[in-house]
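Report on the following structure.
The values are calculated or read from the model by the stated rules, or taken from the named source; none is laboratory data. Just so we're clear, the structure is a prediction, and the values are computed from it rather than from any experiment. Counting neighbours? That spans all protein chains shown, and the Cβs are built from the backbone with ideal geometry, glycine included.
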Amino acid sequence: AEVESHLRVEIVLDLSASMRHQDSQQFKKIDYARMVAAALAYMSIGQGDQVGLRLVNHSGNTLLKADGGYRQFHKILQLLLSREPEGKFSTHHSHLANLSMHKRCMVILITDLHAHQDEFLYLIKLLQARKNEVIVFHTLADNELSGNIKASRIKDLETGEIFSINAQQLSAAHFQKRTEDIREAIHAMQVSYARLTVGEPIGISLKSFLERRRFLF
């Protein structure tokens, strides 16, 4: 058995409307993200860590303060199911910037990164300034990665705006280039990044988390 680590883990879940997007099997990104968050919380609590949860969108954040034990895990499950995605990702980060300044604090962002790229990079900088270890789980659907979304007009789930698009904007190459640009920008900040595809086995999704976590013992 592994030695208990007693880290402080803060899970931040993107609850903006774009997380309602469904993959080719009609599986929503938010449902997969909830499963990932629950698995992370369960593993961390099992190692003796304190785990907190924040659900974030334009209306603010719903907070469960970090604590340990399996009663906390049940509280996390209840909170994960208590709200549905809506609106935009929060443009005000003051409620996130005050995350714990404890030496052994890990902040896990689970998001589709559909807000403006600079906004997320600014958030990551704020979190790093608080001496947190930051990990980003970039959650995407298979039809986003493949460009297999058949439409000439799309509604932005976060703003409600309807706009015209062309094949270039929907192409897999275009989307993957954007994803790669985001990945490189995050890596340049020395932040751990893992791309999750909705529906893939949770064990594979969490491999990078487990590898990164070992460095904090």
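When the strands (runs of 3 or more DSSP E) confined to region 121-217 are screened for residues that are modelled with pLDDT under 85 and polar (S, T, N, Q), none reaches at least 3 such residues. On the stretch given as region 109-120, residues that are modelled with pLDDT of 85 or more and either assigned to a helix (DSSP H, G or I) or in contact with a helix residue (DSSP H, G or I) (Cβ under 6 Å, 6 or more places away or on another chain) (or both) total 3. Of all residues in region 1-31, those being among the polar types (S, T, N, Q) and modelled with pLDDT under 85 number 2.
Here region 1-59 is the region considered, the condition is being in contact with a Gly (Cβ under 9 Å, 6 or more places away or on another chain) and on the phi > 0 side of the Ramachandran plot, and the residue that is surrounded by the fewest Cβ atoms within 10 Å (Cβ to Cβ) is H6.
Residue by residue, here is whether (1) over 12 Å from I11 (Cβ atoms); (2) assigned to a strand (DSSP E or B) holds:
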residue	(1), (2)
D31	yes, no
A37	no, no
Y42	no, no
R54	no, yes
F73	no, no
Q78	yes, no
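Restricting attention to region 48-59, the residues that are at pLDDT 90 or above and either charged (D, E, K, R) or within 19 Å of M19 (Cα to Cα) (or both) add up to 4.
In this structure, does T62 turn out to be surrounded by fewer than 17 Cβ atoms within 10 Å (Cβ to Cβ) and at pLDDT 80 or above? In short, yes.
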